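Data first, discussion second: the structure below is written as structure tokens.
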Ligand code: ASP
């Protein structure tokens, strides 16, 4: 037996008990006459005490211990002389009677402490050591709890957890696939799934009318900050449902998670159309924890002789509460912020509605106090507020203003991580025009159903067709998205046609699904949540990497196992692949 208790378990109630603990040496301290060791395991830390009056052998053993040695001790629980109220076990210590070193440790490359001296790369390389640190460990435990809470909710709602294959077939739609060569079928390749989409739809055809899976998905995309080539989704599908059924069911899931994990009660989840989200926030995943909504000023400011406004497709303002006293320096900093290449605007215009009722702007030459008063009125400002204005091409300006809005909220401390504001964004466009390829792309995926009332527009104005598609947004992050699906073969064929597939291509790639639609496919729909992001948000962070036990870095590399890596030509030959330059 290695232990009678864990290192986090002992309390004052255990005084006098003989116990056995095993764990890692966090720290050894020699204080005049006494040696103390903090012994750590997953559950906590217990203080071990060695008194100089005790056996020389034992003391000798204790002094030889280094950081991260694995040891096992036996001893008696004593009350501490100086208690540590910060620690769960801070009232007690163990008077050690015997000690066994189970394994020595090299000095770790960084300290295993909450505030470590190890840089990102080093910690990734020795991830198994980083995982010993509390901040990382707590994230992994939280992730486990979220997974269990998801399962508890869905199981109770009669969902079945069903696995779908990882070795599937490559399709050109969506992101790039990771491909896997087949040895037994040389020259042919599997692909790793970007999501179980078609399989979950086939399960609906099979009659498993409520399915879920906490499942790994793979996308070979260029990695933007905090994207992982493999990530986990809570993937769900239901049959005999309309959009309303899905929204109700899955806001139930989100409420359940917020209650279970954060103790937060959410009454209702508001809904907003995509068009409204773009108009009010310039963004399809708005953070609605604070205001500063968009106000389009075109009608008020154009044709007054100020070229920047006159030439702009969009002039948009936000009113920033209580910032009329911003200094020249602060305003210059904001101007520089919007001029950074990531934002790419040419400049920023402001107007202050001063506390004394006067107005001051960077365009006083063109607009008098009365004109500015109108802007502030339109933006719902009060005395003391500051209006920030961007002007230019509509899409770019909207995007920039959306970023600026978030930036101001960040500066003003309005993005409180303890506040949770979920939101449904609905009625997404079915298609988006892709300039590069000169054709329409499915905004969600090609299996998404158009709104029935918009189907006639498919022939005439496809860009105007709205989809039965929805996103769940939490605090400005898209945490889930899904749609009602097409379950009719002819509509699905028409969709592929619109997306530029020839009938042969459609048949070759998705024939199995269209065939299935001819054998009694029920109406169905579903959603998938990003499990890594959801865990991170519930953990009060926006960095998903910290919530994955063995993540990859920004270049898609696992620095610990050093992957990806070349393979031997011998192995490649077996697979029918020859990378050698021709002799
Ligand atoms: N499969 C979709 C995705 O990965 C989600 C869904 O439509 O259920 O985005």
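The values are calculated or read from the model by the stated rules, or taken from the named source; none is laboratory data. Since we're looking at a predicted model, the values are computed, not measured. Don't worry about glycine lacking a Cβ; one is built from the backbone with ideal geometry, like all the others, and counts go over all protein chains shown.
When residue 531 is tested against (1) touching a strand residue (DSSP E or B) at 6+ places or on another chain (Cβ under 7 Å); (2) within 16 Å of the ligand (Cβ to nearest atom); (3) under 22 Å from residue 468 (Cα atoms), just one condition goes unmet, and that condition is (3). Can you find, within segment 172-187, the residue that is nearest to residue 485 (Cα to Cα) among those that are modelled with pLDDT of 95 or more, away from the ligand (no atom under 16 Å from the Cβ) and part of a loop (DSSP other than H, G, I, E, B)? Applying the filter and picking the extreme gives 182.
Per-residue answers, yes or no, for (1) within 13 Å of the ligand (Cβ to nearest atom); (2) not in a helix (DSSP H, G or I):
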residue: 193; (1), (2): yes, yes
residue: 208; (1), (2): no, yes
residue: 213; (1), (2): yes, yes
residue: 227; (1), (2): no, yes
residue: 245; (1), (2): no, no
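Contact annotation: residue pairs with Cβ atoms under 7 Å, 6 or more positions apart or on different chains, pairing a residue in segment 474-496 that is closer than 18 Å to residue 270 by Cβ and assigned to a strand (DSSP E or B) with a partner that is within 15 Å of the ligand (Cβ to nearest atom) and at pLDDT below 95, are 481/444. Considering segment 282-370, the qualifying helices (runs of 4 or more DSSP H), each wholly inside and each with 2 or more residues that are out of contact with any strand residue (DSSP E or B) (no Cβ under 6 Å at 6 or more places or on another chain) and farther than 19 Å from residue 380 by Cα, run over 307-310, 328-339. All of (1) more than 17 Å from residue 349 (Cβ to Cβ); (2) in contact with a helix residue (DSSP H, G or I) (Cβ under 8 Å, 6 or more places away or on another chain) hold for residue 461 with one exception: (2).
Residue 54 fulfils the conditions (1) surrounded by fewer than 18 Cβ atoms within 10 Å (Cβ to Cβ); (2) at pLDDT 95 or above; (3) assigned to a loop (DSSP other than H, G, I, E, B) except for a single criterion, (2). Set side by side, the residues 432, 505, 461 differ, and just one is modelled with pLDDT under 95, farther than 30 Å from residue 139 by Cβ and within 30 Å of the chain's Cα centre (by Cα), which is 432. Applying the criterion of being outside any helix (DSSP H, G or I) and in contact with a strand residue (DSSP E or B) (Cβ under 9 Å, 6 or more places away or on another chain) to the residues of segment 195-206, the residue that is nearest to the ligand (Cβ to nearest atom) is 195. Inspect all residues belonging to segment 258-267 and state whether any of them is part of a loop (DSSP other than H, G, I, E, B) and touching a strand residue (DSSP E or B) at 6+ places or on another chain (Cβ under 8 Å). Yes, there is a match, as at least one residue in segment 258-267 is part of a loop (DSSP other than H, G, I, E, B) and touching a strand residue (DSSP E or B) at 6+ places or on another chain (Cβ under 8 Å).
Beta carbons closer than 9 Å, at least 6 apart along the sequence or on distinct chains, pair a first residue in segment 214-243 that is more than 14 Å from residue 527 (Cβ to Cβ) and without any contact (Cβ under 8 Å) to a residue 60 or more places away in the chain with a second that is part of a strand (DSSP E or B) and more than 14 Å from the ligand (Cβ to nearest atom) for 218/191; 220/179. Of the candidates 247, 253, 258, 314, the single residue that is within 22 Å of residue 481 (Cα to Cα) and touching a helix residue (DSSP H, G or I) at 6+ places or on another chain (Cβ under 7 Å) is 253. Of all residue pairs spaced 6 or more apart or on separate chains, none has beta-carbon atoms under 7 Å together with a first member in segment 340-360 that is under 15 Å from residue 403 (Cα atoms) and a second member that is assigned to a loop (DSSP other than H, G, I, E, B). The condition of being out of contact with any helix residue (DSSP H, G or I) (no Cβ under 7 Å at 6 or more places or on another chain) and away from the ligand (no atom under 16 Å from the Cβ) holds for only one of 478, 504, 518, that being 504.
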